[in-house]
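Have a look at the structure below before the remarks.
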Amino acid sequence: MAGFDPGEIVALAALEVQDRGYQLFSRGKVLEGTRQRQRYSARVQGSAPYPYRVWIDLEKQDWGCTCPYTWGPVCKHVVALAYAIQEAPELFQAKRRRKKTTDPRQLALQELPDEDLLELLWELAEQRPELMEEFAYNLLQRAE
C-alpha cells in the first residue's frame, strides 16, 4: 500500500464509531468491493434500508461516504471499509476495464469516479426528470 495506512483513518473516528464500523466489517456488510490503483470503494450496508457508497484513496489520502453523517471526520461506513482493506484485501477486485471506445464523451465518463457520476445523474434528474423516468423504466425492463 501507499504511504497512507487505513488504520490512520480508523484512528480519527470516535471509539463508538470504530466499534460500529468494525461490527459492519465483521458481519460482512462491506459489499461489492473494487480497487483501482490505490483507490478502494465499496457499498457498506449499515442501518439504512440501502447501502451507502464509500471510498478511500490511499494515494490522495482522501475518503468519503454518501451517508449523512456529520458528527466527525469519519463515519462507521468508512471505518468498515478501512478494516476491510487491512484485514480482507481479497474483497477488492481490480476494476474491470471497460470496452474500448473512441467516443470522447464515453472516454470522459469512464474516467470519472462513481461519486461524480452519481452527482451528474442527480443533476440530470433535476433538469430533465422525464428523461430519467424513461431511463428508469427501461432499466427495470432489462432487469425482468
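Quick notes
- Counting DSSP beta bridges with both ends in segment 6-94, the antiparallel % (nearest 5): 90
- In order along segment 71-84, the Karplus-derived 3J(HN,Hα) couplings, from 6.51 cos²θ - 1.76 cosθ + 1.60 at θ = phi - 60°, round to 8, x, x, 9, 8, 5, 5, 5, 4, 4, 5, 4, 4, 5 Hz, and Gly and Pro are given as x.
- Length released on extending from Ala14 to Ala88, taking residue separation times 0.36 nm less the Cα-Cα span: 24.4 nm
- Whole-number D in µm²/s for the chain (Stokes-Einstein; Kirkwood sum over Cα pairs; 25 °C, 0.890 mPa s): 147
- Among Lys76, Lys60, Lys100, Lys29, a tally of other beta-carbon atoms within 10 Å of each Cβ gives an order, fewest to most, of Lys100, Lys60, Lys29, Lys76.
- Net charge over other residues, Cβ less than 9 angstrom from the Cβ of Ala42 (K, R count +1; D, E count -1): +1
- Within segment 1-100, the chymotrypsin sites (Phe, Trp or Tyr not before Pro) that combine a DSSP coil assignment with at most 12 other C-beta atoms in a 10 angstrom radius are Trp71.
- Highest-fluctuation residue, Pro68, Pro51, Pro104 considered, GNM on the chain with Cα pairs under 10 Å: Pro104
- C-alpha center-to-center spacing [segment 79-138, segment 33-66] in angstrom: 12
- Among Ala11, Ala108, Ala84, the largest mean-square fluctuation in a Gaussian network model of the chain (Cα springs under 10 Å) belongs to Ala108.
Read the figures in this text as sums done on the coordinates, not as results from a lab. Note that the structure is a prediction, hence the values are computed from the model and not measured. All Cβ positions, even for glycine, are placed from backbone atoms using ideal geometry, and neighbour counts span all protein chains on display.
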